[in-house]
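Input: a single structure, listed below in structure tokens.
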Amino acid sequence: MWKKVSMKVGVYLLLLFMAVISVPSLCARAKEQPPRIKKVQSSDASSMLIYAKLPDVYGEYKIYRASKSPASGGKFSLLDTFSRYGNGWGSTGGYWQTSGDKRKVTCFSENAQMSGEVIFLDTGLKLGRKYYYKIVAESSIDGKTESNIASAKTTLSTPQILKGYAKTNRSVKLSWQSVPKAQQYIIYRKSGKKWVRVKTVKKSTSYTDKNLKAGKTYYYKVRAYAKSGSLKNYSAYSSVLKVSTKSPTVKGTYKPGSVYGPSLNSSKLLEVRRVVQSFKDNYIKKGMSDYDKVLAAFNYIRSNCSYAWRGWQYNNANTAWGALVYGEAQCSGYARGMKALCDGIGVPCYYVHANSKAYNPSHQWNLVKVGGKWYILDAQGGVFLVSGKTYQKMFGMYWNTKGLPSVSSKDHPKGGFAGSIY
């Protein structure tokens with residue numbers, strides 16, 4: 001009897017073992033999907049972004065490029081090769097990045113395994129040329145699988161108007177971001193229904209439009225131009241900026257001795273007020289929260305002002321005029337400029353000076369009220385809505401609190417440091 005039972009158990013185990021080892025043959029492993037290029041897009045005049053979705057393979061990814069349509073005889077050439085785990089991954093701005101074997105292409109990924117959604121950056125291209133791309137995944141299991149072919153033309157980046165304000169009641173000053181490879185910038189203006197081309201400037205990224213009418217509202221936009229061989233290349237138009245030559249109405253302290261700069265005369269204070277008016281007209285929208293308003297002001301001043309390395313005594317670098325009009329300031333100018341912006345948009349704000357206990361007793365910044373609580377904002381240092389404890393611990397800053405509101409003991413949920421806030 002036991003012999004019969006043991007034989008049955010043995011047969012059962014044998015059948016079970018055969019079933020287990022035969023699973024792969026009965027249920028074949030699903031073959032990986034091929035890589036897919038979702039889109040190709042010009043990054044600027046000489047570089048291209050390739051947005052792709054890569055399979056999870058243990059092998060290599062090869063990037064190919066052609067400068068002529070394959071349908072018309074164009075041939076693909078190997079541009080670069082990547083292994084799944086990359087070559088020297090490093091984290092930048094929330095993304096992992098690595099270079100290919102030939103160091104011609106850079107890959108940006110959400111993880112260090114180079115699978116799923118990735119972006120390849122191809123540089124050193126010619127303006128106005130159309131380029132074609134494909135990706136080949138090589139796996140020891142699935143062999144070679146090819147992506148679709150996608151293409152795009154390199155174009156000039158779209159210029160961004162950084163600042164525009166009524167310099168006088170009959171002139172408007174504009175400044176915009178430089179565009180790589182641009183040879184000229186074309187400025188357009190509208191005061192009625194039609195856009196008029198008013199000026200073409202070479203290389204410069206600023207322009208003053210004169211002989212305007214007082215008390216009118218004007219609209220401006222800019223686009224870049226460059227010639228590449230016989231090809232004429234135009235960028236897309238910038239967003240439209242509105243500027244009024246009417247007397248500014250934003251609230252604030254615009255009398256001599258102002259917190260915006262005790263040394264500023266009435267003329268310079270009027271210029272500050274005009275910049276604040278333009279900022280409010282263009283960047284502050286109905287329904288915005290105080291957080292959104294303060295973030296807009298923080299980004300605006302950091303985009304339009306650079307640190308005055310020569311010293312605070314040059315070009316009113318310790319005033320709001322230096323920060324908002326001239327575009328260069330030290331910490332005091334940043335803080336006074338931020339105070340002017342906040343006053344103009346109705347956000348409670350204080351200008352604060354460090355005391356003798358601080359790591360830098362000369363430093364200056366702001367306290368701003370958002371969501372019913374007061375936070376530290378240091379525009380020059382890139383500090384946005386942090387607690388007093390954070391500011392003291394990380395930067396060693398102390399101040400006399402008499403006459404000032406108590407600062408929150410916790411950072412704002414959306415606060416942080418330049419590059420990490422949103």
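The values are calculated or read from the model by the stated rules, or taken from the named source; none is laboratory data. Please read all numbers here as calculations on a predicted model, not as lab measurements. With ideal geometry, Cβ positions are generated from the backbone for all residues, glycine too; neighbour counts draw on all protein chains shown. Each accessible area value is taken on the protein alone, full model and side chains, heavy atoms only, with ligands, DNA and RNA left out. Shrake-Rupley method; radii C 1.70, N 1.55, O 1.52, S 1.80 Å.
Table for the structure above
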{"read-out": "Unique match (being in contact with a Phe, Trp or Tyr (Cβ under 6 Å, 6 or more places away or on another chain), at pLDDT below 95 and either open to solvent by less than 40 Å² (accessible area, probe 1.4 Å) or over 14 Å from residue 130 (Cα atoms) (or both)) among 115, 83, 109, 99", "value": "109"}
{"read-out": "Residue match in region 392-402 (condition: buried (at least 17 other Cβ atoms within 10 Å of the Cβ) and without any contact (Cβ under 8 Å) to a residue 40 or more places away in the chain)", "value": "yes"}
{"read-out": "Test: residue in region 54-62 that is among the basic types (Lys, Arg) and open to solvent by less than 60 Å² (accessible area, probe 1.4 Å)", "value": "yes"}
{"read-out": "Residue within region 264-274 that is among the hydroxyl-bearing types (Ser, Thr, Tyr) and closer than 28 Å to residue 186 by Cβ present", "value": "no"}
{"read-out": "One residue from 266, 306, 289 being surrounded by fewer than 19 Cβ atoms within 10 Å (Cβ to Cβ), of a type outside the set (Phe, Trp, Tyr) and closer than 30 Å to residue 373 by Cβ", "value": "289"}
{"read-out": "Candidate set: region 328-363, residues that are without any contact (Cβ under 8 Å) to a residue 60 or more places away in the chain, surrounded by 23 or more Cβ atoms within 10 Å (Cβ to Cβ) and among the aliphatic types (A, V, I, L, M); chosen: the one nearest to residue 251 (Cα to Cα)", "value": "338"}
{"read-out": "Test: residue in region 144-152 that is of a type in the set (Lys, Arg), in a strand (DSSP E or B) and open to solvent by less than 70 Å² (accessible area, probe 1.4 Å)", "value": "no"}
{"read-out": "Extreme residue, modelled with the lowest pLDDT, among residues of region 134-143 that are aliphatic (A, V, I, L, M) and assigned to a strand (DSSP E or B)", "value": "137"}
{"read-out": "Flag for residue 284 being in contact with a helix residue (DSSP H, G or I) (Cβ under 6 Å, 6 or more places away or on another chain) and under 27 Å from residue 218 (Cα atoms)", "value": "yes"}
{"read-out": "All positions within region 216-238 that are among the small types (Gly, Ala, Ser) and either free of Cβ contacts under 8 Å to residues at least 12 places away in the same chain or open to solvent by 80 Å² or more (accessible area, probe 1.4 Å) (or both)", "value": "230"}
{"read-out": "In region 118-133, residue surrounded by the most Cβ atoms within 10 Å (Cβ to Cβ) [restricted to those that are charged (D, E, K, R) and in a strand (DSSP E or B)]", "value": "122"}
{"read-out": "Condition met for residue 279 (among the aromatic types (Phe, Trp, Tyr), more than 26 Å from residue 409 (Cα to Cα) and at pLDDT 95 or above)", "value": "yes"}
{"read-out": "Residue in region 239-263 that is farthest from residue 194 (Cα to Cα), counting only those that are among the aliphatic types (A, V, I, L, M) and open to solvent by 30 Å² or more (accessible area, probe 1.4 Å)", "value": "259"}
{"read-out": "Residue check for residue 199: at pLDDT below 95 and farther than 30 Å from residue 84 by Cα", "value": "no"}
{"read-out": "Conditions (1) of a type in the set (A, V, I, L, M, F, W, C); (2) open to solvent by 70 Å² or more (accessible area, probe 1.4 Å); (3) under 29 Å from residue 184 (Cα atoms): number failed by residue 325", "value": "(2)"}
{"read-out": "Complete set of residues in region 162-175 that are of a type in the set (A, V, I, L, M, F, W, C) and open to solvent by 10 Å² or more (accessible area, probe 1.4 Å)", "value": "162"}
{"read-out": "All strands (runs of 3 or more DSSP E) inside region 158-277 with 3 or more residues being small (Gly, Ala, Ser)", "value": "217-228"}
